[in-house]
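Have a look at the structure below before the remarks.
The values are calculated or read from the model by the stated rules, or taken from the named source; none is laboratory data. This one's a predicted model, so the numbers in the text were calculated from it and none came from an experiment. Ideal geometry is used to build each Cβ from the backbone, glycine not excepted, and the neighbour counts take in all protein chains shown.
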Amino acid sequence: MNKNHYTIIDLGSNSFHMLTVTKIDNGFSVFSKSKQKVRLASGLDPQHNLNQATMERGWSCLQQFSDELTELKPRKVLITATAALRLAKNKQQFIERADAILGHPIKLISGLEEAKTIYRGVAFTEQIAEQLLVIDIGGASTELIIGKGKKILLAESLHMGCVTWLNRYFADQKLNENNFNAAINAAKEVIKPQIQHYTQQGWTLTMGASGTIQATQEINEKQQITEELTLPLLSTIKQQCITCGNINSLEIDGLKASRTPVFASGLAILIALFESLNIKELKRSKGALREGLISILFEDDE
């Protein structure tokens, strides 16, 4: 056992992540990390059962993670699963074999737990005094959290994500106004019941913690369109997507190829959040779910 290594594995709806860190004063340093685009949410059929090919892809990834765990021998391990497995009716079939592969139990967390852990990760890494709105667009859920310091004031997990929105509104692979408008309007309907609660609670700073937000920031850094992530920036990038015409032809300066399939659907959700909640600008957070899980491991070890 390596006494100073802590490992978390996150079975997300889009990607599976494995992160091993070393504990240091006031935080941690990354020792190693692995990631695979399993796209679990894409494997859900209309009856919410995971198909065999997707499960096999997930198990294959976890076998690689298991081999890494054997070499790392961390002091503590925490494995969580999120929205896609919450939705899957045959989740137990996947989890039982995954448990056996990893040799550690998988904790299926609720949407509310996921939201709170995301905020915890932001608070752990950012240490900001202002009242925060934190946004995380996942593969099958989107979390909205308002907090101040370490205190969570409001948290919600919404049933929409970049993979599920891809399957619903961009299934024909076309990047056009009709598909974007359908995706944005559908996302607004999901957000609508939350608007009053969130605007009444209020916030002074918005931070984002997801692949969509990271990808948007990388595009902006490459193209130098605006100083911050704003709605005009998102509209400009949306038009760049539409110019490409098709997801298979999507090439935007600064967008990584690995993000291409789910970028437009995630962007549509992000635009809906900006417009519904009247967000002026957004800053990217260094922390999210995985950092929140690390903070839990550290706390449990004290």
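Counted as qualifying within region 16-85 are the strands (runs of 3 or more DSSP E) with 2 or more residues that are under 16 Å from the mean Cα position of the chain (by Cα) and touching a residue at least 40 places away in the same chain (Cβ under 8 Å), namely 16-24, 74-81. Report yes if some residue within region 248-264 is under 15 Å from Phe170 (Cβ atoms), of a type outside the set (A, V, I, L, M, F, W, C) and touching a Leu at 6+ places or on another chain (Cβ under 6 Å); otherwise report no. Yes, region 248-264 has at least one match.
Of the residues Leu158, Leu175, which single one is touching a residue at least 24 places away in the same chain (Cβ under 8 Å) and farther than 19 Å from Ala83 by Cα? Outline the logic, then answer.
Details: Leu158 fails: farther than 19 Å from Ala83 by Cα.
Going through Leu158, Leu175 in turn, just one is touching a residue at least 24 places away in the same chain (Cβ under 8 Å) and farther than 19 Å from Ala83 by Cα: Leu175.
All conditions in (1) assigned to a loop (DSSP other than H, G, I, E, B); (2) within 22 Å of Arg168 (Cβ to Cβ); (3) at pLDDT below 95 hold for Gly287, with the sole exception of (2).
Working only within region 256-302, note down all residues that are small (Gly, Ala, Ser) and touching a residue at least 12 places away in the same chain (Cβ under 8 Å).
The first filter runs over region 256-302 and keeps only residues small (Gly, Ala, Ser), leaving 257-258, 264-266, 268, 272, 276, 285, 287-288, 292, 295.
Hits for region 256-302 are Ser258, Ala264, Ser265, Gly266, Ala268, Ala272, Ser276, Ser285, Gly287, Ala288, Gly292, Ser295.
Could you tell me which of the residues Ala88, Ala129, Ala123, Ala100 is closer than 21 Å to Lys37 by Cβ and either small (Gly, Ala, Ser) or over 22 Å from the mean Cα position of the chain (by Cα) (or both)? Before the answer, list the steps.
Working: Ala129 fails: closer than 21 Å to Lys37 by Cβ; Ala123 fails: closer than 21 Å to Lys37 by Cβ; Ala100 fails: closer than 21 Å to Lys37 by Cβ.
Of Ala88, Ala129, Ala123, Ala100, the one residue that is closer than 21 Å to Lys37 by Cβ and either small (Gly, Ala, Ser) or over 22 Å from the mean Cα position of the chain (by Cα) (or both) is Ala88.
Here Ala115 meets the list (1) farther than 30 Å from Met207 by Cβ; (2) crowded, with 22+ Cβ neighbours inside 10 Å almost entirely, failing just condition (1). Given the criteria aliphatic (A, V, I, L, M) and closer than 30 Å to Phe170 by Cα, does Ile79 qualify? Against the criterion (aliphatic (A, V, I, L, M) and closer than 30 Å to Phe170 by Cα), Ile79 does not qualify.
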